[in-house]
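Structure record follows, encoded as structure tokens.
Each reported figure results from applying straightforward, stated rules to the coordinates on display, with no laboratory input. Not measured: the values here are computed from a predicted model. Backbone-built Cβ (ideal geometry, glycine too); neighbour counts: all protein chains shown.
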Amino acid sequence: MRWLRTICFGGGLTLLVLASYASTSYAYQLLGNKWPQPTATFYVDINGADGLWNDAFEGAMYLWGVDTDFEFRIVRETYEDPCDPIESGRNGVSFEDTDCGDSWGSTTLAITHSWFIGSTTTQTDIVFNRNESWNVYSTPWSSWPWSGVNDFKRVAVHELGHALGLAHEDSGISTIMGTYAGDTTVPQQDDINGVAALYGPSVVNYTLSTHKYGTGAGIISSSPSGIYCGSDCNESYTSGTRITLTATPSAGSTFAGWSGGGCSGTGTCRVTMTAAKSVAASFSLAALLPPQLCFSTTGLEVTASWTTVPGAAGYTLYYAPFPYTGEDSIDSLKWQVQRLCP
Ligand SMILES: [Zn+2]
């Protein structure tokens, strides 16, 4: 039987939340032990605050099951001492004056104690530092109006990440498993990938297919990259990847809108790869207005000039009568733009 103590800190450092969606970076760290099944049960009866801690802890347990195969189960109104030296096999949680007899570090918020045999977790207990100031909020960490107050729920999410087998991840990627508490409140893609590595499914890929239709022309591109349609209209992405598609009409065309994949309208199209998906973009030919014509004569020579029209392949000028016999003799002009074939 071995014992692992995972210490988690509060403090002034705020984690950077990356704006881009990381789809190919896997930075999660594993503790080295995990449950034999993708589930663990906590006995939860945290005194105080009219049930606020119990509700927040249950909410934190739920968050780990949203995009993973792991499920935390809860037995409420049943206290299990997380510091009970007799290994009960039951997982408990509470606020404690000390870390089960050891002194808290000056910035330690909570500690997860894991028991395991070989690499199999047999019990895990979570203790929160009672000497700290706690509440539940979702605004930036320790900022007004919660300056100096720790958000119990996001720390619980973090500790439960340890309870299922994740270690600290401090490479700078967006994660709930950073050593220091920050603005991240829910498991991120990297955390979800870590759970998938522990409990499956193995990383699943889904294909995003894009199509174009309509009388116009244009390009569909993706962020993260992979689609430039154009010629590259299909791409395989890791399950859970969030993709933004952008439609750029060619000169003389307009973008008429999205369909499929839950997208509509003419803004950007965002899809999350929870299954194979297909998205179509409609491009229409823009109405071609005749160019502005400038017309001058020098003696008997006539010069016509005009501004070019985007998307126009050529221009035809009709005039009458024929033959032309002088500026005063022109009684009609017809100016027509030829359309560029898509
Ligand atoms: Zn931690």
* Asked: Can you give the charge dipole size of the range 2-199 about its Cα centre, rounded to the nearest 20 debye, using +1 on the beta carbon of Lys and Arg and -1 on the beta carbon of Asp and Glu?
  -> 340
* Structure fact -> If each part is reduced to its alpha-carbon centroid, the range 122-170 and the range 48-71 end up apart, in Å, by 12
* With a 10 Å radius around each residue's Cβ, average the other Cβ atoms per peptide and rank 178-188, 30-40, 157-167, highest first. => 157-167, 178-188, 30-40
